[in-house]
Amino acid sequence: MNKQLIFSCAAAALMCAACQSSKVEIDGRLLSGEAQEVYLEQVSSMRQQVIDTATLDAEGNYRFALEEASTTPSLYNILYDGERIPLFVAAGDRLTVNSVGNLVRNYTVEGSDESELMRQFYQAFIAGAQKLENIAKQVSVQSLPATERESLLQQYTEEYYRIRREQLRFIAEHKASLAAVYAIYQRLPGDQHLVDGVSDLIHYRTVAEAIAESYPETPYLVMLRGDISRMEAAQRLAEEITESTFPDLEMSNIYGQKVKLSSLQGKVIMLDFWSAELGNSNQLNAELKEIYAKYKDAATPFEVYQVAVDTSKPLWINTVQEQQLPWISVSDLRGRASTALGTYNVTKLPTSFLIDKEGEIVARDLRGAELERKLQELTR
């Protein structure tokens, strides 16, 4: 897993000397790896830049000294041996950061309440994300028996939602902290949204209102409010897409061949967004297979264009083959970063759109008997 968790800041002005500034000292002892160099990275809206380097002495001690820092806490990373420790640093801070063994899982912070809160969130989040990665690797082994795969997928799902619950709990309990701002922007592998896109807005508003009281001058408040405005606009757009001509997609099937959604025009199309990684597709796909078999050769044929919102190609292909899915299965393997999700304003999985033979989106999220009743009407 790429251990660099990207945190977007509000403006480069956060790091400038326009506000009153003073020295900061960061020191400690790292007994966590073989590397001799440790780096201090400054994070701004435009870039992440290494601003200082220290060499560990024989006992693993290091020290950084900043001549100027903003009076408003801002984000820095300590980089060592391929891993990073995020810190919120403000003018006058004197921080001590130590670690023995695994850098991220074992580090401690003294001298900054915000950085200590960040540690509490960050260590648990990284440990959970690494566990998900390990499970996903096991699932991707092609020779794995089906019963073991199902068990692992269940473990993945349970761990995924446990991490998500803990993340939301932390944000709610520490909503007035900058650590909560950091936490609200962290995503599990493949995720685009904090919750489902729709509910995200509630959490962003809650944190923004609390930060306005605790840190009214922080540019992170500007960042939060900007994202809230964009989410509100996306919600309005999502409400308008329920009945309109469908946007085209072109994605690769399991054999690497590109398939356009528009190539199916003239048929009744179900555009279905799902994820093999979530481990809940068996029943949904089994039900859809029965309906598909009944209507695929109707007077107006029915076709399914199923988009897998996944990042593991072996897991996706194995799931398609094991479930013997008879329709068009495609993916760009970008997970929740897939542009297809943005194109159709998909905020939860599964999500589906029903497109008639004229190319109009006529329904959304129909399943079971409701889907069959609509297909009886459209496939005549």
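The values are calculated or read from the model by the stated rules, or taken from the named source; none is laboratory data. These figures come from a predicted structure and were not determined experimentally. Quick reminder, even Gly has a Cβ in these numbers, built from the backbone with ideal geometry, and neighbours come from all protein chains shown. Calculation scope for accessible area: heavy atoms of the full protein, side chains included, ligands and nucleic acids excluded. Shrake-Rupley method; radii C 1.70, N 1.55, O 1.52, S 1.80 Å.
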Calculated FRET efficiency for the pair Tyr255/Asn106, C-beta based, R₀ 35 Å, to 0.05: 0.15
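Using a ≥ b ≥ c from the Cα gyration tensor of the range 68-216 (square roots of the eigenvalues), is it rounded, prolate or oblate, where a/c under 1.5 gives rounded and otherwise the larger of a/b and b/c decides, a/b for prolate?
Numbers: a/c = 3.07, a/b = 1.53, b/c = 2.00.
Note, shape of the range 68-216 comes out oblate.
If you put +1 on each Lys and Arg Cβ and -1 on each Asp and Glu Cβ, how big is the dipole of the range 136-269 around its Cα centre, in Debye rounded to 20? Can you show the working numbers first?
Values: 15 positive and 19 negative charges, 69 e Å.
Computed charge dipole of the range 136-269: roughly 340 debye.
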Residue among Ala176, Ala308, Ala293 with the largest mean-square fluctuation in a Gaussian network model of the chain, springs linking Cα atoms under 10 Å: Ala293
Label-to-label distance, nm, for residues given as Glu358 and Asp27 (7 Å Cα→Cβ offset): 7.7 nm
Listed residue (Leu152, Val139, Ser177) projecting farthest to the positive dipole end of the range 138-185, Cβ model: Ser177
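Glu209 to Glu166: extension gain in nm, 0.36 nm per residue of separation minus the Cα-Cα distance?
Taking 0.36 nm per residue and subtracting the Cα distance, the gain is 13.4 nm.
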Qualifying lysines (Cα of each under 26 Å from Cα of Lys289; at least 8 residues distant if same chain): Lys258, Lys260, Lys267, Lys313, Lys348, Lys357, Lys374
FRET efficiency, 1/(1 + (r/R0)^6) with R0 22 Å, evaluated for Gln323 and Ser151 via beta carbons: 0.85
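Taking the Cα centre of the chain as the origin, how large is its charge dipole in debye, to the nearest 20, when only Lys and Arg (+1) and Asp and Glu (-1) carry charge on their Cβ atoms? Before the final figure, lay out each step's value.
Details: 38 positive and 53 negative charges, 163 e Å.
For this selection, approximately 780 debye.
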Residues of the range 110-263: accessible area per residue with a 1.4 Å probe, Å²: 50 Å²
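Could you calculate the contour length gain from Arg63 to Asp365, that is, 0.36 nm times the residue separation minus the distance between their Cα atoms, to one decimal place in nm? Before the final figure, lay out the partial values.
On the way: separation 302, 0.36 × 302 = 108.72 nm, distance 5.65 nm.
Between Arg63 and Asp365, full extension yields an extra 103.1 nm.
R0 = 45 Å: FRET efficiency of Gln138 with Arg373, Cβ-based, nearest 0.05?
Working: r = 41 Å, r/R0 = 0.92.
That gives a FRET efficiency of 0.60.
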Student exercise, the range 292-380 dipole from Lys, Arg, Asp, Glu Cβ charges, in Debye to nearest 20: 180 debye
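Considering only protein heavy atoms and a probe of 1.4 Å, how much of the accessible area of the chain is carbon and sulfur, as a whole percent? Write down the numbers at each step before the final one.
Working: 8280 of 17470 Å².
Ligands and nucleic acids excluded, carbon and sulfur give 47 percent.
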Listed residues Ala208, Ile254, Gly335: farthest to the positive end of the dipole of the chain (Cβ charges): Ile254
Cα gyration tensor, the range 283-380 - rounded (a/c under 1.5), prolate or oblate: oblate
Entry for Rg and Dmax of the Cα atoms in Å (calculated from the structure that is shown) out of (1) 26.1, 99; (2) 24.4, 80; (3) 22.0, 64: (2)
Unit charges at the beta carbon, dipole of the range 74-118: most positive-side option, Ser74, Ile85, Thr96: Ile85
